[in-house]
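Below is one structure, written out as structure tokens; comments come after it.
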Amino acid sequence: MPSVVTYEIHVDLPRARVWEGLRDLSRAPFYVPNLTGVEFTTAQHEGVGTSRRVFQKNGKSLDETVVSWNDGFGFTLRLHNDDKPPAPFKQGWFDYRIAEAPDGGTLFKPSLTYEMPWGPLGKLLDLLMVKRFAQSSTRQVAENFKRYYETGEITNSAYKP
């Protein structure tokens, strides 16, 4: 069974306006912690099949490929390094979802879904360490996203435009 970590936050902007920015997959380093840049690895820049490589502060990179796209409401990225999953996962996906809030704002609901290798040992590692880190990271993405979209200011200190 995969593990799923989700966080929800209110953004004080209409969903259509948030979607205008979210659909631009080059903006991730503006609000995703520890990203220093992004490079598309496909000619297309939105929709299913789009791939990008994100560069991290630690010098590593991560490939992300869009596996689902719901125009106006979000998309899902498969996380990988070439054809392999990123350590420590057996598989991993990051989902960006938005919905209309009752007050005219937007609900942003990022989630990380992943599977750990190593059977019972992987489940124990997930319970003791990985899930806590995943929850913290997903929450930080959401909080940075909110501040970035509401203020227009880059909220990821690792990114230097």
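Taken together, the values in this text are just the output of simple stated rules run on the coordinates, not laboratory data. The structure displayed is predicted, hence computed values, not measured ones. Cβ: placed from backbone, ideal geometry, glycine included. Neighbour counts: every protein chain shown.
Judged by the mean number of other Cβ atoms found within 10 Å, the most tightly packed of the peptides 84-90, 138-144, 99-105 leads the ranking 138-144, 84-90, 99-105. Just how far, in whole angstrom, is region 102-161 from region 1-40 if you go by their alpha carbon centroids? Computed from Cα coordinates, the inter-centre distance equals 9 Å. A simple rule links phi to the HN-Hα coupling: the Karplus curve 6.51 cos²θ - 1.76 cosθ + 1.60 with θ = phi - 60°, which for region 97-107 gives 10, 10, 8, 6, 8, x, 8, x, x, 10, 9 Hz, with x for Gly and Pro. Per residue, the chain reaches -7000 deg cm²/dmol at 222 nm when only DSSP H runs of four or more residues are counted, each adding -39500 (n - 2.57). Straight Cα distances below 18 angstrom link LYS90 to the aspartates and glutamates ASP63, GLU64, ASP82, GLU115, ASP126, with same-chain residues fewer than 8 positions distant left out. Among the trypsin sites (Lys or Arg not before Pro) in region 1-83, those located in a DSSP loop and surrounded by at most 15 other Cβ atoms within 10 Å of their own Cβ are LYS57, LYS60. Summing Lys and Arg as +1 and Asp and Glu as -1 over all other residues whose Cβ lies under 11 Å from the Cβ of LYS84 gives a net charge of -2. Ranking SER26, PRO102, SER61 by Cα position along the charge dipole of region 3-161, where only Lys, Arg, Asp and Glu carry charges on their C-beta atoms, puts SER61 farthest toward the positive end. For the pair ARG17 and ASN70, the difference between a 0.36 nm per residue extended length and the Cα-Cα distance amounts to 17.5 nm. Once the Cα atoms are used to define both axes, helix 131-151 deviates from the longest principal axis of the chain by about 20 degrees.
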